[in-house]
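S.K.: First the structure, then my questions, so here it is.
The values are calculated or read from the model by the stated rules, or taken from the named source; none is laboratory data. Keep in mind that this is a model prediction, so the values were computed, not measured. Virtual Cβ from ideal backbone geometry, glycine too; neighbours counted across all protein chains shown. Surface areas here come from the heavy atoms of the whole protein model, side chains and all, with no ligands, DNA or RNA. Shrake-Rupley method; radii C 1.70, N 1.55, O 1.52, S 1.80 Å.
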Amino acid sequence: MKNVRFLILTLALSLSLAACGGSGGTELTVFAAASMQETLTEIGGNYQKDHPSITLVFNFDSSGALKTQIEEGAECDIFISAGRKQMDDLDASVGPAVNADAPAQEEETLDLVDSNSRFNLLENKVALAVPEGNPAGIQGYGDLAARLEAGDILLAIGNSDVPVGQYTQKLFAYYGLDEEALVANRVLTYGSNVKEVTTQVAEGTVDCGIIYATDAFSAGLETVDTATADMCGQVIYPAAALKNSKNPKEAQAFLDYLRTPGAGAVLESVGFTPLG
């Protein structure tokens, strides 16, 4: 139900912005990681107050799904990813050889990102979240690893094609866990984006889930541990305009706004660390 309410809120915001902007306004389409749904919706509303001629249309989903939509020609002015790999795959200035999670020969890097507009917007943390009251009594990542091997808990994680799932795979490697063996032992469930994993934890259908700290905060979930950079790397969200944007000046103006103290305060309010 919470995801439905946010989708309704996002749709209502887009409709209200269109009504205010009128036929002579400019529409900006922003593709953003699902974990930014609450904060970016609020930031968009604040931006609209000072820029009534701009209509912001948001598309929130997993970074992998958004990247695929962009590759397939979806109209998009700005992309904000929850992982550098998804942005790198669209940015020819980076090149496939330095993509962190894929060998060069496996994936072609497309020339779709305006590299001059690209910057690291914020940092998040990978959190181990539990349902209300922590019924399974999970103490942290070390305890999680031991109990997964023992087969006495159920963990929700993101699919391997989304950033939160990729960070989780690094955590498994850090603790020497074999994901295939865990799947065979039926101690894992999956979500196609971080919101789906968060919902499983919030509804208590699993004992715990690996999500972002900001999603745990927004959902009112208890976090029993957060991963260090040594465990799974930094969780960096890059932002950039796309080369095929029909409104490059307006796209750059909104990207600039995301780096202001006002936008930063909204991001900080749920646990993001602004970097821009």
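S.K.: Out of the range 155-203, which residues are touching a residue at least 24 places away in the same chain (Cβ under 8 Å) and of a type in the set (Ser, Thr, Tyr)?
M.R.: Once the filter is applied, which keeps residues that are touching a residue at least 24 places away in the same chain (Cβ under 8 Å) and of a type in the set (Ser, Thr, Tyr), the range 155-203 yields TYR167, THR168, TYR174, TYR175, THR189, TYR190, SER192, THR198, THR199.
S.K.: Which ones in the range 172-195 are farther than 15 Å from LEU154 by Cβ and touching a Phe, Trp or Tyr at 6+ places or on another chain (Cβ under 9 Å)?
M.R.: Answer for the range 172-195, where residues must be farther than 15 Å from LEU154 by Cβ and touching a Phe, Trp or Tyr at 6+ places or on another chain (Cβ under 9 Å): TYR174, TYR175, ASP178, ASN193, VAL194, LYS195.
S.K.: Being under 23 Å from LEU267 (Cα atoms) and at pLDDT below 95 is true for just one of LEU40, LEU13. Which residue is that?
M.R.: Only one candidate passes the filter, namely LEU13.
S.K.: When you check GLN166 against the structure, is it within 19 Å of the chain's Cα centre (by Cα), of a type outside the set (Phe, Trp, Tyr) and over 21 Å from ILE80 (Cα atoms), yes or no?
M.R.: Taking the combined requirement at face value, the residue does not satisfy it.
S.K.: Sticking with this structure for a sec: If I filter the range 108-117 for residues that are at pLDDT 95 or above, assigned to a loop (DSSP other than H, G, I, E, B) and surrounded by fewer than 23 Cβ atoms within 10 Å (Cβ to Cβ), do I get at least one hit?
M.R.: Yes, there is a match, as at least one residue in the range 108-117 is at pLDDT 95 or above, assigned to a loop (DSSP other than H, G, I, E, B) and surrounded by fewer than 23 Cβ atoms within 10 Å (Cβ to Cβ).
S.K.: Just to be sure I understand the filter: pairs with C-beta atoms under 7 Å, separated by 6 or more residues or on different chains, first member in the range 85-102 and of a type in the set (Gly, Ala, Ser), second member at pLDDT below 65. Which pairs pass?
M.R.: These pairs meet every condition: ALA97/ALA104.
S.K.: Let me ask you something else. Can you name every one of the helices (runs of 4 or more DSSP H) wholly within the range 157-204 that holds 2 or more residues which are at pLDDT 95 or above and more than 16 Å from VAL130 (Cα to Cα)?
M.R.: Ranges flagged: 163-174, 179-184.
S.K.: Something else: If you go through the range 120-165, how many residues are closer than 26 Å to SER62 by Cα, open to solvent by 20 Å² or more (accessible area, probe 1.4 Å) and touching a strand residue (DSSP E or B) at 6+ places or on another chain (Cβ under 8 Å)?
M.R.: Residues meeting the conditions: 6.
S.K.: Can you find, within the range 31-75, the residue that is nearest to THR109 (Cα to Cα) among those that are of a type in the set (Ser, Thr, Tyr) and touching a residue at least 40 places away in the same chain (Cβ under 8 Å)? Please lay out each step first, then the result.
M.R.: First, the residues of the range 31-75 that are of a type in the set (Ser, Thr, Tyr): 35, 39, 41, 47, 53, 55, 62-63, 68.
Imposing the further condition that a residue be touching a residue at least 40 places away in the same chain (Cβ under 8 Å) reduces the set to 35, 39, 47, 55, 62-63.
On the way: SER35: 25, THR39: 30, TYR47: 33, THR55: 31, SER62: 19, SER63: 16 Å.
Going through the qualifying residues, I end up with SER63.
S.K.: Report, by residue number, each residue of the range 212-253 that is more than 21 Å from ALA74 (Cα to Cα) and touching a Cys at 6+ places or on another chain (Cβ under 8 Å).
M.R.: VAL224
S.K.: Something else now. Where residues in the range 24-70 are in a loop (DSSP other than H, G, I, E, B) and small (Gly, Ala, Ser), which of them is nearest to SER245 (Cα to Cα)?
M.R.: To start, the set of residues in the range 24-70 that are in a loop (DSSP other than H, G, I, E, B) comprises 24-25, 51-53, 62.
Checking the rest, the ones that are also small (Gly, Ala, Ser) come to 24-25, 53, 62.
Details: GLY24: 18, GLY25: 16, SER53: 17, SER62: 21 Å.
Here the residue is GLY25.
S.K.: Here's a follow-up. Take the residues in the range 205-223 that are polar (S, T, N, Q) and assigned to a helix (DSSP H, G or I), then tell me which one is modelled with the highest pLDDT.
M.R.: Ranking the qualifying residues of the range 205-223, first place goes to THR214.
S.K.: Moving on to the next point. Can you tell me which residue in the range 225-269 is nearest to ALA92 (Cα to Cα), limited to those that are open to solvent by 20 Å² or more (accessible area, probe 1.4 Å), not in a helix (DSSP H, G or I) and not basic (Lys, Arg)?
M.R.: That would be ASN244.
S.K.: Something else about it: Looking at THR168, THR214, which one is surrounded by 17 or more Cβ atoms within 10 Å (Cβ to Cβ), among the polar types (S, T, N, Q) and more than 25 Å from SER117 (Cβ to Cβ)?
M.R.: THR168
S.K.: Scan the range 229-252 residue by residue and report those that are farther than 17 Å from ASN120 by Cβ and either among the polar types (S, T, N, Q) or free of Cβ contacts under 8 Å to residues at least 60 places away in the same chain (or both).
M.R.: Answer for the range 229-252, where residues must be farther than 17 Å from ASN120 by Cβ and either among the polar types (S, T, N, Q) or free of Cβ contacts under 8 Å to residues at least 60 places away in the same chain (or both): ASP230, ASN244, SER245, ASN247, LYS249.
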